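Chemist: Provided herewith is a single structure, encoded as structure tokens, for subsequent inquiry.
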């Protein structure tokens, strides 16, 4: 496997674990903390919309 592909796989896995952690934090957060978490989500995964993140956080 090429080194570039390995980096892509690593980045995808890292993003997945980071978003899972942020979903947990979002579920227990209130007020301003939720906005801060959403800002982190935008940095980690710019393609994901807030609605997608919030709906996935509520399901779990």
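Every number here is computed from the coordinates shown, using simple stated rules; none is lab data. All values derive from a computational prediction rather than experimental measurement. Every residue, glycine among them, receives a Cβ derived from its backbone with ideal geometry; neighbour counts consider all protein chains shown.
Chemist: Which of (1) without any contact (Cβ under 8 Å) to a residue 24 or more places away in the chain; (2) under 10 Å from the mean Cα position of the chain (by Cα) is the odd one out, the single condition residue 18 does not satisfy?
Modeler: (1)
Chemist: With the requirement that a residue be in contact with a helix residue (DSSP H, G or I) (Cβ under 7 Å, 6 or more places away or on another chain), surrounded by fewer than 12 Cβ atoms within 10 Å (Cβ to Cβ) and assigned to a helix (DSSP H, G or I), what does segment 15-60 give you?
Modeler: If the condition is that a residue be in contact with a helix residue (DSSP H, G or I) (Cβ under 7 Å, 6 or more places away or on another chain), surrounded by fewer than 12 Cβ atoms within 10 Å (Cβ to Cβ) and assigned to a helix (DSSP H, G or I), then 50 is the only one that fits.
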